[in-house]
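Here the structure comes first, spelled out in structure tokens, and everything after it is commentary.
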Amino acid sequence: MNMKTSVAIEKAVPVAAPDVARAEFRNAMARMAAAVNIVTTNGPAGLAGFAATAVCSVTDSPPTLLVCLNRTASVHPAVTENGVLCVNVLSEGHQDLSRLFGGKTPVAERFAAAAWSELSTGSPALEDALVSFDCRIVRRADGGTHDILMCEVEAIRQRDGGKGLVYFDRAYHPAGQAE
């Protein structure tokens, strides 16, 4: 195969040693822009929420999302035991809210910082989210340190306008065209 490139290729770093692999992988993943979301749940195991970039579409038949959740996260028991969640897609003005849900802030303080409602599962839906996907967890798979949650969408609420919020190179950035 004859492959031509128009840009210089940086030296590849071998990732055989576990500590090198982890650091190199994290540094490389920082260069992959990702939408910022707040994932929430409520039910018998309690109210919980966390900031997440590891969310993606799986299929539209039935509408299904994939959400990755670290098993050591304080919210893990509530999310998995409740069996429901809401993926709230953040806009550019939600940086502070993302930081609250991404840190060690107590649950009550996290939710007090914004307006919430419910769609069909009882999980909190952020009132001014660009989109809220209200879901039921239908499968769980082992992803090393994380659970991979397959979530069927039961309800969707969208709002018009606004730019998305992405995380790239360890910083927040707006995403989308000017209105």
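The values are calculated or read from the model by the stated rules, or taken from the named source; none is laboratory data. Only a predicted model underlies this, so the values are computations on that prediction, with no experimental measurement involved. So basically every Cβ, Gly included, is an ideal-geometry build from the backbone, and we count neighbours across all protein chains shown. Surface accessibility is based on the protein's heavy atoms, side chains included, excluding ligands, DNA and RNA. Shrake-Rupley method; radii C 1.70, N 1.55, O 1.52, S 1.80 Å.
Kindly evaluate A108 against the criterion of being out of contact with any helix residue (DSSP H, G or I) (no Cβ under 7 Å at 6 or more places or on another chain), outside any loop (DSSP other than H, G, I, E, B) and farther than 18 Å from A35 by Cβ. Judged against the criteria, A108 is a match. One residue stands out among those in region 160-179 that are among the aliphatic types (A, V, I, L, M) and over 15 Å from L97 (Cα atoms): the one that is nearest to the chain's Cα centre (by Cα), which is A175. Selection of region 90-132 for residues being charged (D, E, K, R) and open to solvent by 60 Å² or more (accessible area, probe 1.4 Å) yields E92, D96, R99, K104, E109, E118, E127, D128.
Is it the case, given these coordinates, that R139 is more than 25 Å from A28 (Cα to Cα) and open to solvent by less than 80 Å² (accessible area, probe 1.4 Å)? Break it down stepwise before answering.
On the way: more than 25 Å from A28 (Cα to Cα): yes; open to solvent by less than 80 Å² (accessible area, probe 1.4 Å): no.
It is false that R139 is more than 25 Å from A28 (Cα to Cα) and open to solvent by less than 80 Å² (accessible area, probe 1.4 Å).
Here region 48-62 is the region considered, the condition is being under 15 Å from L149 (Cβ atoms) and free of Cβ contacts under 8 Å to residues at least 12 places away in the same chain, and the residue that is most open to solvent (accessible area, probe 1.4 Å) is S57.
Okay, residues lined up against (1) under 19 Å from A114 (Cβ atoms); (2) not in a strand (DSSP E or B):
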site: T40; (1), (2): yes, no
site: G46; (1), (2): yes, yes
site: V58; (1), (2): no, no
site: V67; (1), (2): no, no
site: T72; (1), (2): no, yes
site: T80; (1), (2): no, yes
site: V87; (1), (2): yes, no
site: D96; (1), (2): yes, yes
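For region 17-38, check the following and say yes or no: at least one residue is assigned to a loop (DSSP other than H, G, I, E, B), modelled with pLDDT of 95 or more, aliphatic (A, V, I, L, M) and under 18 Å from A129 (Cβ atoms).
From region 17-38, those assigned to a loop (DSSP other than H, G, I, E, B) are 17, 30-33, 36; that's our starting set.
Still in the list and also modelled with pLDDT of 95 or more: 36.
Applying the additional criterion that residues be aliphatic (A, V, I, L, M) yields 36.
Still in the list and also under 18 Å from A129 (Cβ atoms): 36.
Yes; the residues of region 17-38 include at least one that is assigned to a loop (DSSP other than H, G, I, E, B), modelled with pLDDT of 95 or more, aliphatic (A, V, I, L, M) and under 18 Å from A129 (Cβ atoms).
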